[in-house]
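The values are calculated or read from the model by the stated rules, or taken from the named source; none is laboratory data. Here the structure is a predicted model, which means the values were calculated and not measured. Here Cβ is always computed from backbone atoms with ideal geometry, including for glycine, and neighbour counts include all displayed protein chains.
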Amino acid sequence: MLNFKVNEDRCIQCGKCITDCPPMCITMQDGDFPVIQDESKCLRCQHCLAICPTAAISIMGVNPDNSTELQYELPTAHSMETLIKGRRSTRKYKKKALDEKTIAKLLETSFHAPTGVNAQGVFFTATTTAEATEDLRKEIYTKVSKLLSNSDFDENDMRFQYLQMAHKTYINHDIDIILRGAPHILIASASKNIPLPKEDCLIALTTFDLLAQSMGVGTLWDGMLKWCVDDFFPELAGRLGVPEDHEIGYTMVFGHPAVQYQRTVQRTPPKINLVRKF
Ligand SMILES: Cc1cc2nc3c(=O)[nH]c(=O)nc-3n(C[C@H](O)[C@H](O)[C@H](O)COP(=O)(O)O)c2cc1C
């Protein structure tokens, strides 16, 4: 049941909820108030609630008065541009963990990222204590050591070359290249049964990345961690609580940065194809 409700004292019958509904499942009954006739078509995207100029619509029990008003709350284009250009991969972290409230805020907000067919199926697995991450780190290096001592691996496989280098650096210099000494790891996964599990995970992590950096939290997209928990030691993902039927979209590490960047970098010219006539 969608529980689609229109507050008739507030509704001005402007029809915006009708014209903005992606599956076009809202209709105006005989010049009366909006209704949803075929609930099975609804995407549960809440566009009807979001677009209503008088906060007259409630759906799925959501009270529009509890939503954030957008008019004065959006960051400026300049601050977004600075964030996008100024976010950097952090490869040095303070040992201290973030407080759980910050982690919850980051994950709960990132869950708002768009998902294909509004599936909302992205599942975040994050370590919340430095101790848990340290135990995982030790186990990863123990497993990498065993993997590398197995003569079966293909020396030309880039993943082995990187893991070999990381293992050497960890053993000889106590420097962690796989998790970059971060106090937290993050895995985004989703059921293989939703329409776009991989894309949804990547978009959610991109959202997490930008929000984290806007809050002074360092992040790193971590391909080496992905190889470990997805390609070589999937049992680790299982032990961390990633459901078995899930596809891992990608992995990151995050925490208080131990480095501070002072300015944006300057990229190579963008590769853009502008089509003016077709
Ligand atoms: C999908 C992906 C995987 C990455 N994997 C790693 C990794 O395993 N280790 C690492 O140090 N950096 C990793 N990076 C970080 C990139 O090297 C980094 O984004 C790039 O050098 C540009 O630097 P910037 O992020 O500071 O702009 C990864 C980035 C992406 C997007």
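In table form, for the structure just shown:
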| item | result |
| --- | --- |
| Region 127-152 residues that are in a helix (DSSP H, G or I), paired with ones that are of a type in the set (S, T, N, Q) (beta carbon under 8 Å, 6 or more apart) | THR133/THR127; LEU136/THR127; LEU148/GLN164 |
| Hits in region 55-103 - residues which are within 16 Å of the ligand (Cβ to nearest atom) and assigned to a loop (DSSP other than H, G, I, E, B) | ARG87, ARG88, THR90, ARG91, LYS92 |
| So ALA113, is it in the same structural domain as HIS184 (by TED's automatic domain parsing) and either within 16 Å of the ligand (Cβ to nearest atom) or surrounded by 14 or more Cβ atoms within 10 Å (Cβ to Cβ) (or both) | yes |
| Per-region count, region 211-223, residues within 12 Å of the ligand (Cβ to nearest atom) and surrounded by fewer than 19 Cβ atoms within 10 Å (Cβ to Cβ) | 2 |
| Looking only at region 169-182, and only at residues there that are closer than 15 Å to MET224 by Cβ and more than 28 Å from the chain's Cα centre (by Cα), the one that is surrounded by the most Cβ atoms within 10 Å (Cβ to Cβ) | TYR170 |
| Number of positions in region 164-203 that are on the phi < 0 side of the Ramachandran plot, more than 15 Å from the ligand (Cβ to nearest atom) and not small (Gly, Ala, Ser) | 13 |
| Some residue of region 29-41 being at pLDDT 95 or above and among the charged types (D, E, K, R) | yes |
| Subset of region 123-168 (residues that are surrounded by 13 or more Cβ atoms within 10 Å (Cβ to Cβ) and either outside the structural domain of VAL229 (by TED's automatic domain parsing) or of a type in the set (A, V, I, L, M) (or both)) | ALA126, ALA130, ALA132, LEU136, ILE140, VAL144, LEU147, LEU148, LEU163, ALA166 |
| Counted residues, region 224-266 - those being under 25 Å from CYS201 (Cβ atoms) and either touching a strand residue (DSSP E or B) at 6+ places or on another chain (Cβ under 8 Å) or outside the structural domain of LEU202 (by TED's automatic domain parsing) (or both) | 22 |
| Qualifying positions in region 5-31 - acidic (Asp, Glu) and surrounded by 12 or more Cβ atoms within 10 Å (Cβ to Cβ) | ASP20 |
